[in-house]
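Encoded as structure tokens, the structure appears first; notes follow it.
The values are calculated or read from the model by the stated rules, or taken from the named source; none is laboratory data. These figures come from a predicted structure and were not determined experimentally. Quick reminder, even Gly has a Cβ in these numbers, built from the backbone with ideal geometry, and neighbours come from all protein chains shown.
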Amino acid sequence: MTVIMDGKKVAAHLSEEIKQALEVSESHGIKPKVAFVRIGDLSDSISYENAAVKRFEKLGMDTAQYHFPEDVSAKVFLTKFREINEDYSIHGILLLQPLPKHIPMKRVAEIMNSFKDIDGMKASNLGKVLTNDSDRLEPCTPAAVMNMLDFYEIDLKGKNVTVVGASAVVGKPLSLLMMNRDATVTTCNLYTDSLVDKCKDADVIVSAAGAINLIDEEHVKEGAVVVDVGINFTEEGKMVGDVNYEAVKDKASYITPVPGGIGAITTTVLAYHLVKATEHQKEPVLFLEK
Ligand code: NAD
């Protein structure tokens with residue numbers, strides 16, 4: 001019988017941990033506060049931001065929103081971003097992406113303090129994923145995948161894992177997180193030759209490619225764990241993942257739905273990272289180290 005992995009359950013579990021940590025912060029007179037920074041009005045960014053604001057506020061955290069027009073100059077934006085970064089009342093920053101072409105991501109990342117980087121986008125935090133340093137903030141989507149696997153007690157040690165997708169925000173850091181758990185990882189991209197061959201012997205398949213029905217029955221071995229990170233929309237406007245869910249679900253031992261899978265966990269992971277970020281900033285010496 002296939003287990004349908006429930007993102008809402010995992011998020012609720014993580015929320016309990018967050019609430020306990022918040023009680024400790026509050027007893028020290030600290031209330032975590034996050035700044036959302038968005039340039040332009042992309043509808044995907046707005047919906048993601050609104051969902052995240054709702055989640056943080058529901059958990060009892062403070063939020064601030066900074067919106068800039070699409071044509072804001074790099075000088076004006078970077079000056080304001082520096083101010084937000086240096087504001088001691090703000091413990092975490094979520095920068096909505098993509099940025100317009102004239103605002104260099106590299107410059108923005110350089111300004112952001114590692115301890116405020118709740119979506120783990122800075123090279124310093126990604127480097128800590130590589131070295132498996134626990135004192136880090138990691139990108140929230142790969143972290144959501146790990147939370148899901150941990151909640152369902154899926155041990156990765158010695159397992160063959162295929163990650164489909166190799167972006168810097170999802171596929172690559174996720175592959176490293178899996179390697180840190182002693183899995184044998186194959187990471188695929190758009191140019192991978194014979195995706196079926198890379199997937200069909202995998203104990204765990206994670207797809208983060210952004211392609212409808214990319215993972216079908218032929219890719220999945222009997223009893224495999226299938227995690228679908230993809231978010232795509234059909235012509236009729238229905239949200240679907242990368243996996244042909246109906247074709248695969250009876251073959252898999254565990255599978256995530258879309259919606260209701262990984263996407264249901266990511267904003268709670270961000271809130272968890274804010275708690276962690278706030279904790280770090282109680283130590284002024286640590287905080288000064290960028
Ligand atoms: P991206 O476009 O930056 O990267 C996609 C990666 O997949 C690339 O490495 C590309 O080479 C690979 N790829 C694309 N088509 C492929 C194919 N046919 N075969 C093999 N590899 C292929 O995207 P991203 O930002 O990494 O996001 C990936 C997907 O995950 C998207 O659908 C995105 O919407 C979704 N996403 C979901 C969440 C969530 O919370 N569930 C969060 C972030 C991204």
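Could you check the range 270-290 and list, in sequence order, the residues that are at pLDDT 85 or above and of a type in the set (A, V, I, L, M, F, W, C)?
The answer is 270, 271, 274, 275, 277.
Residues 223, 237, 261: which one is out of contact with any His (no Cβ under 9 Å at 6 or more places or on another chain) and buried (at least 16 other Cβ atoms within 10 Å of the Cβ)? Quick ask: steps written out before the conclusion?
Working: 223 fails: buried (at least 16 other Cβ atoms within 10 Å of the Cβ); 237 fails: buried (at least 16 other Cβ atoms within 10 Å of the Cβ).
So the residue among 223, 237, 261 that is out of contact with any His (no Cβ under 9 Å at 6 or more places or on another chain) and buried (at least 16 other Cβ atoms within 10 Å of the Cβ) is 261.
Name every residue in the range 98-137 that is touching a Gly at 6+ places or on another chain (Cβ under 7 Å) and buried (at least 23 other Cβ atoms within 10 Å of the Cβ), in order of residue number.
Correct list: 116, 118, 137.
Restricting to the range 182-222, what's the tally of residues that are within 26 Å of residue 1 (Cβ to Cβ) and under 24 Å from the mean Cα position of the chain (by Cα)?
Within the range 182-222, residues that are within 26 Å of residue 1 (Cβ to Cβ) and under 24 Å from the mean Cα position of the chain (by Cα) number 11.
Is at least one residue of the range 138-147 within 10 Å of the ligand (Cβ to nearest atom), part of a strand (DSSP E or B) and not hydroxyl-bearing (Ser, Thr, Tyr)?
Going residue by residue through the range 138-147, those that are within 10 Å of the ligand (Cβ to nearest atom) are 139-142, 144-145.
Subset that is part of a strand (DSSP E or B): none.
No - not one qualifying residue is present in the range 138-147.
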